[in-house]
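Before any comments, here is the structure.
Please treat every number below as a calculation from the coordinates, not as lab data. Just so it is clear, the structure is predicted and the values come from calculations on it, not from any experiment. Cβ sites come from the backbone with ideal geometry, for glycine too, and all protein chains shown count toward neighbours.
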Amino acid sequence: MKRVLASVLAMTLLLSLLAGCGGSSAPASSAPAQQPSESKAAEPAAPAAEPAEKSDITVVFVPKLTGNAFFESANDGAQAYAAKQGFTVKYDGSPEASVANQVTVINNAIQQGMDAVCVSSVDATGLDDAMKQAKAAGLQVVTWDSDVSGDARTVMVSQGTPEILGEMLVEMGVKSLTSRGKDPAKDAVNYVWHYSQATVADQNSWQVAGEEYIRSKYPNWVNVAPNNYYSEQDAEKAISVGESILTAHSDIDLVICNDSTALPGQCQAAQNLGLTKDDVTITGFASPNSIKDYCRAGVIERWGLWDCQIQGALGCYLAYYLASGNEIKVGDSIDVPEIGTVTVMPNTVLDPGAYVADDSGVVLLPERAEFTLENMDNYNF
């Protein structure tokens, strides 16, 4: 859209210059001067820019990293949805999750005159300046999956509140522990957390909420590694870290992986060491397709996620909605074609101390799912 506007303005300027340099005193007009009988009131000047057609709007969809099943599935959903709705999604990222790589993608979007960015941030604050620069350049700025500071974007599409997701992670572990004969309400369960890094806002908030839930509901549980294990969204490192957990803590009962790279890595680590779901309980968040083989092999009983294809579609649609000239305010209800009505909530639903403003809010996905051997083939993402 911005490239089209630039072309229109340039052509208008060129025509005015040609009219001024033509040496004729006749006024510039689309009607021939020799036909006065057909003269009429001058047409009003054309507006500097026409409203963008749907097909003119491009949303740059930015994952934490490419090649990960979660983010690739989210992109599949965004692409299919955008094609139906008539706008363009450009998937742009790097196989390495880093602030520098995401800043480069955002800067490229600015330089290329894109209309909006929809970003899953690798760091809670590391992208703030780049997002604010994009906003100042006229791009609409949206986050999904993992957030930046509230004053650096307009809306965040979140998979759920920390309390919802922290409790879900713990209770999936409880169900699997119970299946192998443990009594989670009474037993001293030894557990650890394994995820990407402490600076990833969403994952860290789930861990914090999960810890609070454990202290209130399962006071006999023992976190044997309070500083957590981090694998930095690196698939190979997730395996090596996973093996370190299992060898360093031979009496471990539960490993909670609140990261879609850590969970398959942890499962592979257990398989490498010859361990099954009867030896150690592993649970967490990841796409069903990335874990199905481990479930069939008896390494894991239960894990969960949300429909990341819908999340990708919704994030890109809201970016498109803003780029079409609409506003989003806290308290608004937005009818999203084929998805339903969503409500814009204050940022404080994710963090009580979050930035508060009418033009900065959160949209929550309505549903999450748990996967087991019995239902996992009902899902394909």
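Please tell me the relative contact order of the chain in percent, rounded to the nearest whole number, where contacts are Cα pairs under 8 Å and at least six residues apart.
On the way: 742 pairs, mean separation 67.5, N = 381.
Computed value for the chain: 18 percent relative contact order.
Figure the gain on full extension for ALA185 and ASP358 (residue separation times 0.36 nm, minus the Cα-Cα span) and round it to one decimal in nm.
58.0 nm
State, to one decimal in nm, how far the label point of GLN111 lies from the label point of ASP332, with both points 7 Å from Cα in the Cβ direction.
My value for the distance between the label points is 3.1 nm.
So, R0 is 30 Å and r is the distance between the beta-carbons of ASP251 and GLU370; what FRET efficiency does that work out to, to 0.05?
Details: r = 27 Å, r/R0 = 0.89.
Here the calculated transfer efficiency is 0.65.
Using alpha carbon centroids, what distance separates region 146-191 and region 245-288, in Å?
That distance is 16 Å.
Residue by residue, what Karplus-based ³J(HN,Hα) values in Hz, rounded to whole numbers, does region 199-207 have, using 6.51, -1.76 and 1.60 with θ = phi - 60° and x for Gly and Pro?
8, 7, 4, 5, 4, 5, 5, 5, 5
Give me the net charge for the shell around SER98: Cβ to Cβ below 15 angstrom, other residues only, Lys and Arg +1, Asp and Glu -1.
Values: positive: LYS64, LYS237; negative: ASP92, GLU96, ASP123, GLU232, ASP234.
Cβ neighbours under 15 Å give a net charge of -3.
Of all DSSP beta bridges located in the chain, what percent are antiparallel, nearest 5? Provide the component values of the computation, followed by the final result.
Working: 10 of 41 bridges.
Around 25 percent of the beta bridges assigned by DSSP in the chain are antiparallel ones.
Principal axes first, then extents: for the Cα atoms of the chain, list largest minus smallest coordinate on each axis, whole Å, largest first.
97, 37, 36
Which residue fluctuates the most in the chain, going by a Gaussian network model with Cα springs under 10 Å, if the choices are THR154, THR343, THR58?
Residue with maximal mean-square fluctuation among THR154, THR343, THR58: THR343.
Please work out whether region 227-381 counts as rounded, prolate or oblate from its C-alpha gyration tensor, where a ≥ b ≥ c are the square roots of the eigenvalues and a/c under 1.5 means rounded, while otherwise a/b larger than b/c means prolate and anything else oblate? Walk me through the numbers on the way to the answer.
Values: a/c = 2.96, a/b = 2.01, b/c = 1.47.
Prolate.
Among the lysines in region 162-305, how many pairs, 8 or more places apart or on different chains, have alpha carbons under 25 Å apart?
So the count of such lysine pairs works out to 13.
Provide, as a two-decimal number, the C-alpha radius of gyration of region 162-305 over 2.2 N^0.38 Å, N being how many residues it has. Can you show the working numbers first?
Details: Rg = 13.3 Å, N = 144, 2.2 N^0.38 = 14.5 Å.
Dividing the Cα radius of gyration by 2.2 N^0.38 Å gives 0.92.
How far is the Cα center of region 294-344 from the Cα center of region 359-381, in Å?
Between the Cα centre of region 294-344 and that of region 359-381, the gap is 9 Å.
Compute the distance in nm between two label points, each set 7 Å from the Cα along the Cα-to-Cβ direction, one at VAL224 and one at ALA100.
Distance between label points: 3.7 nm.
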